[in-house]
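These notes are about the structure you will find just below.
The values are calculated or read from the model by the stated rules, or taken from the named source; none is laboratory data. Note that this is a predicted model, so its numbers are computed, not measured. We place every Cβ from the backbone using ideal geometry, glycine too, and count neighbours over all the protein chains shown. We work out accessible area using only protein heavy atoms, side chains counted, and drop any ligands, DNA or RNA first. Shrake-Rupley method; radii C 1.70, N 1.55, O 1.52, S 1.80 Å.
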Amino acid sequence: MTYTSDKPALPESADQLRARIPGWGADLDPKDRPSVPKLQWQEDRTGAHWDFPDRQPEKWPRERSIEHKFLTPVFGTSCPPKGASGMIRRLAYRKFSEGRAAHWLLLLAADRVDAWESHLSSFLTARPDNPVTETGVLSEFSRHGISSRVGQKRSDVKHQVLDPVIVAGPWVLAVAVAVTAVRKLLRRS
Amino acid sequence: MRAMVYRGPYKVRVEEKAPPVVEHPNDAIVRVTMAAICGSDLHLYHGMMPDTRVGMTFGHEFIGVVEEVGPAVRNLVPGDRVMMPFNIFCGTCWFCARGLYANCHNVNPNATAVGGIYGYSHTCGGYDGGQAEYVRVPFADVGPTVIPEWMDDEDAVLLTDALATGYFGAQLGDIVEGDVVVVFGAGPVGLFAAKSAWLMGAGRVVVVDHLEYRLAKARTFAHAETVNFTECDDIVVHMKKITDHLGADVAIDAVGAEADGNFTQHVTAAKLKLQGGSPVALNWAIDSVRKGGTISVMGAYGPMFSAVKFGDAMNKGLTLRMNQCHVKRQWPRLFEHIRNGYLKPSDIVTHRIPLEHIAEGYHMFSAKLDGCIKPLIVPNAV
């Protein structure tokens, strides 16, 4: 037992486990485990045939962490920074290292601004944002939303009620502000 | 091409998007034949990962067929059926040369603390992902592997992250014969970690979750004992009681940033974004494992700080091991295990969804509806 030097007994022996579980002990020897030891020199370089890779063309000033010596030779080109959110992102990268909370808080703020910029600009396109289809909430009906939750002792149900508030709350607030502003304008005129 | 596109927290849709092009001599363009939604995609979907931009295509678990290769590509030709590790890596930087592909220093200008990952925000390099008809695959001579003819597509797509990560997580536990291993989380990574713990000689494997249908899978698929933490007054005390008050030898956190079990931790992290992640499972791991034990962290957390019980970890003399999985390093051994019948990853797949229904897929997976454990995305399914 624990309060002596003996290890607590196991319910099954190695032979019983080997008989019950396919492959039990196949990687018992650490030499058979591909990530042991952590650092392993890769003689084949996994197929690479360069010492330092060719550089990908930089088609716009690519934002980068100031902890890097230079722009990495390869990088993603999805969604270049744009609008007010892009200005915030560029500031976060230019001024603050990854070690600073300001770096990440600014990037999170930029994400929220980006969402609002994108929602508003979508109303100027042929395909405005549609919170019903884009949240996939209709799957509540096709994928057993009620029976998946009721009587299941799920720990997440109590905070899932916050999700509609998070998604719809800002929209309701924005509409309320807009309606109030329009009413005030009408009263003045 | 048709592609999943992020429209802000909790909102995605399918859009017509310009197909990817070769941007570097060692790029390939791959036509995606199957992708998956990963539990870590939900952190992006919920707006938790900094620098997740509207318009990005998610998806770091996918397989496909090579459509086009750049002029410097030697190891692939159009028509090859390939699987891509979720890591984008160069093969020759200080880290790749030593096998730490997940920590590659040449692919992510946005951060030095994390490598490059397909479709996983600009914090992970700003690459579009595979929940689309086509995807750009950088370093085509390094990352992708031709899928063996004997391997099923569904097994192959699960090797690109979930299975490799679960197997890697068990390795980081440094399991020795007879160890008691507790796995927090019965999602895909937790199920694979539990299954892998047996391969390494565990004497007992206990899986903890709050979703009964996932615990049922842990019993049948991973041969594990299970505990529903909502039925325990205190999960830490329960873990002590079932281990004769010693604690588990090894604990694996297969939950990460959106862990349930503590309302305040979850809401401050997942809803208010005031923490990098909700460390409920990690804290339970710290308190459930025995003194001198090992914790393997496979759950993904954001780069911000989290309220981790570090004092307990120090006072107990724990070894904490963690990383993103170096996927390709795991493949040769995992191929053997699948071929020998020790692992059948596709047994955990519960849903196969057409790309056009991706918004419903994300909501179902996020809200844990319809017994969902692992949803696959098939671009041209009907």
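Computed values, structure above
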read-out	value
Odd one out for A:Ala174 among (1) of a type in the set (A, V, I, L, M); (2) open to solvent by 50 Å² or more (accessible area, probe 1.4 Å); (3) assigned to a helix (DSSP H, G or I); (4) more than 8 Å from every other protein chain (Cβ to nearest Cβ)	(2)
Members of the range B:108-121 that are more than 7 Å from chain A (Cβ to nearest Cβ) and either over 24 Å from B:Leu376 (Cβ atoms) or outside any loop (DSSP other than H, G, I, E, B) (or both)	B:Val114, B:Gly115, B:Gly116, B:Ile117, B:Tyr118
B:Thr92 of a type in the set (S, T, N, Q), free of Cβ contacts under 8 Å to residues at least 24 places away in the same chain and open to solvent by 10 Å² or more (accessible area, probe 1.4 Å)	yes
Count - residues of the range B:23-48 that are more than 10 Å from chain A (Cβ to nearest Cβ) and assigned to a loop (DSSP other than H, G, I, E, B)	4
Hey, B:Tyr101 under 29 Å from A:Leu108 (Cα atoms), assigned by TED's automatic domain parsing to the domain that holds B:Ala18 and over 21 Å from the mean Cα position of the chain (by Cα) or not	no
Residue match in the range A:98-120 (condition: surrounded by 19 or more Cβ atoms within 10 Å (Cβ to Cβ), polar (S, T, N, Q), free of Cβ contacts under 8 Å to residues at least 60 places away in the same chain and more than 7 Å from every other protein chain (Cβ to nearest Cβ))	no
Meets criteria (modelled with pLDDT of 95 or more, open to solvent by less than 80 Å² (accessible area, probe 1.4 Å) and in contact with a strand residue (DSSP E or B) (Cβ under 9 Å, 6 or more places away or on another chain)) for A:Ser85	no
The range B:346-372: number of residues that are of a type in the set (Gly, Ala, Ser) and assigned to a loop (DSSP other than H, G, I, E, B)	1
Hey, A:Pro37 more than 7 Å from chain B (Cβ to nearest Cβ) and of a type outside the set (Val, Ile, Thr) or not	yes
Residue in the range B:137-147 that is buried (at least 24 other Cβ atoms within 10 Å of the Cβ), at the interface with another protein chain (Cβ under 8 Å from one of its Cβ atoms), assigned to a helix (DSSP H, G or I) and not aliphatic (A, V, I, L, M) present	no
Positions within the range B:352-370 being out of contact with any strand residue (DSSP E or B) (no Cβ under 8 Å at 6 or more places or on another chain) and among the hydrophobic types (A, V, I, L, M, F, W, C), in sequence order	B:Ala367, B:Leu369
Residue pairs meeting the criteria (Cβ under 6 Å; at least 6 apart or on separate chains; first touching a residue at least 24 places away in the same chain (Cβ under 8 Å) and over 15 Å from B:Gly185 (Cα atoms), in the range B:235-264; second buried (at least 24 other Cβ atoms within 10 Å of the Cβ) and of a type in the set (A, V, I, L, M))	B:Thr243/B:Val180; B:Gly247/B:Val289; B:Ala248/B:Val180; B:Ala248/B:Val182; B:Ala248/B:Val289; B:Asp249/B:Val180
When residues of the range B:166-209 are limited to those that are in contact with an Asp or Glu (Cβ under 6 Å, 6 or more places away or on another chain) and of a type outside the set (Gly, Ala, Ser), the one farthest from B:Thr350 (Cα to Cα)	B:Asp179
Within the range A:11-24, considering residues that are out of contact with any Lys or Arg (no Cβ under 6 Å at 6 or more places or on another chain) and in a loop (DSSP other than H, G, I, E, B), the one nearest to the other protein chains (Cβ to nearest Cβ)	A:Gly23
Scope the range B:180-223; condition hydroxyl-bearing (Ser, Thr, Tyr) and more than 28 Å from A:Thr2 (Cα to Cα); matching residues	B:Tyr213, B:Thr220
Index of the failed condition, B:Asn108 passing every other in (1) polar (S, T, N, Q); (2) open to solvent by 10 Å² or more (accessible area, probe 1.4 Å); (3) without any contact (Cβ under 8 Å) to a residue 24 or more places away in the chain; (4) under 25 Å from B:Ala269 (Cβ atoms)	(2)
Residue match in the range A:152-166 (condition: in contact with a strand residue (DSSP E or B) (Cβ under 7 Å, 6 or more places away or on another chain) and either without any contact (Cβ under 8 Å) to a residue 24 or more places away in the chain or of a type in the set (Ser, Thr, Tyr) (or both))	yes
Residues of the range B:338-382 that turn out to be open to solvent by less than 10 Å² (accessible area, probe 1.4 Å), more than 11 Å from every other protein chain (Cβ to nearest Cβ) and either acidic (Asp, Glu) or over 15 Å from the mean Cα position of the chain (by Cα) (or both), as a count	2
Subset of the range B:89-107 (residues that are among the hydrophobic types (A, V, I, L, M, F, W, C), within 8 Å of chain A (Cβ to nearest Cβ) and not in a loop (DSSP other than H, G, I, E, B))	B:Cys96, B:Ala97
Residue count, the range B:74-88 (criterion: in contact (Cβ under 8 Å) with a residue 40 or more places away in the chain, in a loop (DSSP other than H, G, I, E, B) and more than 8 Å from every other protein chain (Cβ to nearest Cβ))	5
Cross-chain or 6+ apart pairs with Cβ under 7 Å, the range A:45-59 first and within 7 Å of chain B (Cβ to nearest Cβ), then loosely packed, with under 13 Cβ neighbours inside 10 Å and modelled with pLDDT of 95 or more	A:His49/B:Arg74
Per-region count, the range B:218-241, residues buried (at least 16 other Cβ atoms within 10 Å of the Cβ) and part of a loop (DSSP other than H, G, I, E, B)	3
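Every residue, every condition in (1) in contact with a strand residue (DSSP E or B) (Cβ under 7 Å, 6 or more places away or on another chain); (2) open to solvent by less than 10 Å² (accessible area, probe 1.4 Å); (3) farther than 19 Å from B:His223 by Cα; (4) in contact (Cβ under 8 Å) with a residue 60 or more places away in the chain, yes or no:
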{"site": "B:Gly125", "(1), (2), (3), (4)": "yes, yes, yes, no"}
{"site": "B:Ala132", "(1), (2), (3), (4)": "yes, yes, yes, yes"}
{"site": "B:Trp150", "(1), (2), (3), (4)": "no, no, yes, yes"}
{"site": "B:Tyr167", "(1), (2), (3), (4)": "no, yes, no, yes"}
{"site": "B:Asp174", "(1), (2), (3), (4)": "yes, no, yes, yes"}
